[in-house]
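To keep things clear, I will list the structure first and then write my remarks on it.
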Amino acid sequence: MTANGRLERAPAVETEAPALLSDAARRAFQLPVAAVAVATAMLVVGLVFSLTIGPIDIGWRQVVLELVDRLPVLAADSGLTEQQEVILWQWRMPRAVLGVLVGASLALSGATYQGVFRNPLADPYLLGVAAGAGLGATLVIVGGVDTGWGPFDTIAGAAFVGALAGVGLTATLGGGPGRAPATLLLAGVAVASFLTAAQTYLMQRNTDTLRQVYTWILGRLGTTGWDEVLVLAPYLAVCGVLVLAHRRHLDVLRLGDDEAASLGVDPRRVRVILVIAASLLAAAAVSVSGLISFVGIIVPHLIRLAVGASYRIVLPLAAIGGGAFLMLADLAARTVASPAELPIGVVTAFVGAPFFAIVLLTSRRALA
């Protein structure tokens, strides 16, 4: 075959590529519209019912009218009493918003980890976040130094520092984000085991604090105002924007490091940025809510099943879907055993453990 023959066929390939890309782009654009609508509808419905259900009855129509009345250009008379308004805006609304922020942070963090390490089982909790946060919180609880003062609560601060320390130790032992995913996951297992052992030792030596420690470990969204929301919101705003800004880079990384480098993407730099951002998201969420498991695995996988594997789509939907999922889980935790309240971590574990088993079974070939 002559060189001229090769040169003559090249333009034909180039003319076909844009058509294929445009068809794929159209399909990728059409599917998320329905997915965004469903996720947003779940978020809105969950919010309304979260504000409605509780010991003090507030009708859903009153809730809707009250929300409309708070809009700058609309006015509506909800008919709420002063007591109901306090309950709605100082108790139920902060809890619902906190659930949205925590769920969005955990789901976005989990999806980012899965993209960075190209592993469907990658999750911030598997990399030492949970164990580090648990140890940090336990140290403060058994030491009796909890200030309990809003955003400067020492349990939250210790859990945040412990979570970051756990991820940092895992990354150090695993060789950093540039190493093989299996190596990092094994390092995470080792670090989590060690930190959990240290936490167990402290709990056994201080049995009088067991109830408080277990309450924190099982996760909760109980608030006394907007303090926890104000703590988490800046992390989600900054780190969430940073992650979403790199969502196309995650799609490029799926091709492999060599191919990504040939396209002008520095794989190591992108991984370091995303791991730091995802770790901060998970650490901040854990610090204000305790250990709420499986959100970072369930939500991203459900989204992939619905709209495909492109992180350009998965990451934004993970944030919306994660918020909706955790708010609905909190609603279940408040109503299943009413008037008692289940720890929200128990609800997510009931849903997430079977789902995790399914993901594990379908991923054995990839991990082998």
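The values are calculated or read from the model by the stated rules, or taken from the named source; none is laboratory data. Treat the numbers as computed from the prediction; the structure is a model and nothing was measured. FYI the Cβ positions are ideal-geometry reconstructions off the backbone, even for glycines, and counts take in every protein chain you see. Remember, those area values only see protein heavy atoms, side chains included, never the ligands or the DNA or RNA. Shrake-Rupley method; radii C 1.70, N 1.55, O 1.52, S 1.80 Å.
Contact map, the range 81-107: first residue under 13 Å from T52 (Cα atoms), second residue of a type in the set (D, E) and open to solvent by 10 Å² or more (accessible area, probe 1.4 Å), Cβ cut-off under 6 Å, separation 6 or more or different chains; the map is empty. Scanning the range 68-84 for residues that are open to solvent by less than 70 Å² (accessible area, probe 1.4 Å), part of a helix (DSSP H, G or I) and over 20 Å from R334 (Cβ atoms) yields V68, D69.
When you go through V63, V97, V38 one by one, which is the residue that is under 20 Å from L328 (Cα atoms) and surrounded by fewer than 16 Cβ atoms within 10 Å (Cβ to Cβ)?
Details: V63 fails: surrounded by fewer than 16 Cβ atoms within 10 Å (Cβ to Cβ); V97 fails: surrounded by fewer than 16 Cβ atoms within 10 Å (Cβ to Cβ).
That would be V38, the only listed residue that is under 20 Å from L328 (Cα atoms) and surrounded by fewer than 16 Cβ atoms within 10 Å (Cβ to Cβ).
Okay, residues lined up against (1) at pLDDT below 90; (2) out of contact with any strand residue (DSSP E or B) (no Cβ under 6 Å at 6 or more places or on another chain); (3) not acidic (D, E):
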| residue | (1), (2), (3) |
| --- | --- |
| V229 | no, yes, yes |
| P234 | no, yes, yes |
| A237 | no, yes, yes |
| A245 | no, yes, yes |
| L255 | yes, yes, yes |
| D258 | yes, yes, no |
| G264 | yes, yes, yes |
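Looking only at the range 124-152, residues that are at pLDDT 80 or above and not in a helix (DSSP H, G or I) come to 1 in all.
Is at least one residue of the range 197-216 in a loop (DSSP other than H, G, I, E, B), within 29 Å of R95 (Cα to Cα) and not β-branched (V, I, T)? There is no residue in the range 197-216 that is in a loop (DSSP other than H, G, I, E, B), within 29 Å of R95 (Cα to Cα) and not β-branched (V, I, T).
Looking for whichever is polar (S, T, N, Q) and farther than 22 Å from L326 by Cβ here; the options are S262, S279. Which one fits?
It is S262.
Report yes if L331 is farther than 14 Å from A111 by Cβ, over 13 Å from the mean Cα position of the chain (by Cα) and either part of a helix (DSSP H, G or I) or of a type in the set (K, R) (or both), otherwise no.
yes
Can you tell me which residue within the range 107-123, out of those that are part of a loop (DSSP other than H, G, I, E, B) and farther than 12 Å from F294 by Cα, is least open to solvent (accessible area, probe 1.4 Å)?
N119
Inside the range 308-333, can you point out the residues that are among the aliphatic types (A, V, I, L, M) and open to solvent by 60 Å² or more (accessible area, probe 1.4 Å)?
L328
Please verify whether the range 232-247 includes one or more residues that are open to solvent by less than 70 Å² (accessible area, probe 1.4 Å), in a loop (DSSP other than H, G, I, E, B) and more than 19 Å from A104 (Cα to Cα). No: zero hits. Would you please name the residue that is farthest from the chain's Cα centre (by Cα), looking only at residues in the range 334-346 that are within 16 Å of L98 (Cβ to Cβ) and open to solvent by 30 Å² or more (accessible area, probe 1.4 Å)? Taking the candidates together, the pick is E341.
Out of all the residues in the range 261-271, is one or more among the hydroxyl-bearing types (S, T, Y) and crowded, with 24+ Cβ neighbours inside 10 Å? No, there is no match, as no residue in the range 261-271 is among the hydroxyl-bearing types (S, T, Y) and crowded, with 24+ Cβ neighbours inside 10 Å.
Of the residues making up the range 50-66, those that are more than 22 Å from D227 (Cβ to Cβ) and either assigned to a helix (DSSP H, G or I) or at pLDDT 90 or above (or both) are T52, W60, R61, Q62, V63, V64, L65, E66.
In the condition set (1) crowded, with 24+ Cβ neighbours inside 10 Å; (2) over 17 Å from A104 (Cβ atoms), V359 is compliant with all but (1). Residue selection: A278 satisfies the criterion of being closer than 27 Å to G162 by Cβ and part of a helix (DSSP H, G or I).
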